[in-house]
1. Give the long-range amide H neighbours of THR62: residues separated by 5 or more places, or on another chain, with amide H under 5 Å away, using H modelled in the peptide plane at 1.01 Å from N.
2. So what are the radius of gyration and Dmax for the Cα set of region 67-117, in Å?
Amino acid sequence: MLSPTSPLYLDHPYAEPSANADDEARRAQVGLAFYPPKQVYGLDPGGTLATTPDREATATGTEATVWRQTTTSVKDLEFLLLPRLTGIAERAWSPAASGERDGYRGRLAAQSVAWRHHNWTWFASTPVDWLSHPSGDEEA
């Protein structure tokens with residue numbers, strides 16, 4: 001099980017600003033401020049196994065951790081997890097060479113349809129065009 005501590009501790013502050021004023025207020029309240037801001041999509045979880053001859057057979061998965069010292073609700077927890085878990089899942093189960101950000105941003109925006117449908121809270125980072133998928137009526 002791979003668990004690189006730095007990028008996979010999900011209570012790091014978000015690295016980029018939000019497109020949403022409410023997110024900015026929540027961003028100031030949740031997460032541990034003494035951690036440096038992190039982006040998880042650049043992660044290569046298998047990079048630590050680069051010298052292992054049978055890398056795929058060695059790793060059985062990737063885990064991420066979140067500490068709840070600064071959360072007071074499920075909405076706070078959702079905010080720390082989304083959209084980060086989507087990026088971690090894609091990076092953990094995709095070949096390292098497929099880490100192309102522009103295509104990922106479109107796939108990430110499509111996920112927001114389901115998040116809205118379930119009334120989940122997520123961090124709407126500015127590099128993603130969230131409005132390209134404004135409602136649950138579109139296919140994800």
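Read-outs throughout are calculated quantities, based only on the coordinates presented, and are distinct from any laboratory measurement. Here the structure is a predicted model, which is why all the values come from computation and not from measurement.
1. When sequence neighbours closer than 5 places are left aside, the close amide H contacts are LEU2.
2. 13.0, 38
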